[in-house]
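Single-structure report; data block below.
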Amino acid sequence: MNLVQRLQPYITFSEKWLTKFSLLWCSISLLIGLYAINDFALAIAAPLMTVFMYFAAIVMAKFVLGFQRVNPLIPPKSKFLKYFILLFWAFGVFAFFNFLLTGIFQTTEFENSNYFMVVGSVFPLGVSVGSAKEWNKYLAIG
């Protein structure tokens, strides 16, 4: 079983559930922020900004990958395009864990920066969702 076949269920899962997960994450973060953070502007702005950035990342990933799909220099069913989409999907997942672990374990002198990093950690998942949507278009071609 090759890499692409092993990743297929995860890509499908990410397209179906990551948006729901991100909205739930931001809703819970908003409630926690209003309760635990002294800066109400940050407690409200961080989850709202994260939701905006999440959906912007979906649109941007779809735009970049869609542009590559119609690029005349790259055949629509090329392996380059397949691995390019997988690279974007994996980058989104990796960046989520990187931001999350940075927010949890890094200590800084700035007040509430850990809260901001943990709340904002879900926005790279938008790249994964956008890539998963393009992945399904890639599979529909062939």
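Quick notes
- When the stretch 16-43 is filtered for residues that are over 21 Å from residue 134 (Cα atoms) and among the β-branched types (Val, Ile, Thr), the ones remaining, listed by number, are 28, 32, 37.
- When 101, 87 are checked against the criterion of being without any contact (Cβ under 8 Å) to a residue 24 or more places away in the chain and surrounded by 13 or more Cβ atoms within 10 Å (Cβ to Cβ), 101 stands alone in meeting it.
- First in the stretch 55-77 and modelled with pLDDT of 85 or more, second anywhere and not in a helix (DSSP H, G or I), Cβ under 8 Å, 6 or more apart: 57/123; 57/124
- The set of residues in the stretch 104-113 that are farther than 12 Å from residue 43 by Cα and either assigned to a helix (DSSP H, G or I) or not polar (S, T, N, Q) (or both) comprises 104, 105, 109, 110, 111.
- Pairs where the first residue, in the stretch 27-53, is farther than 26 Å from residue 127 by Cβ and the second is of a type in the set (Val, Ile, Thr) and surrounded by 14 or more Cβ atoms within 10 Å (Cβ to Cβ), C-beta under 9 Å, 6+ apart: 34/44
- Beta carbons closer than 7 Å, at least 6 apart along the sequence or on distinct chains, pair a first residue in the stretch 106-124 that is touching a residue at least 12 places away in the same chain (Cβ under 8 Å) with a second that is β-branched (Val, Ile, Thr) for 112/37; 115/37; 117/102; 118/104; 119/50; 120/50; 122/50; 123/50.
The values are calculated or read from the model by the stated rules, or taken from the named source; none is laboratory data. Bear in mind that the values here come from a model prediction, so they are computed numbers and not experimental data. So basically every Cβ, Gly included, is an ideal-geometry build from the backbone, and we count neighbours across all protein chains shown.
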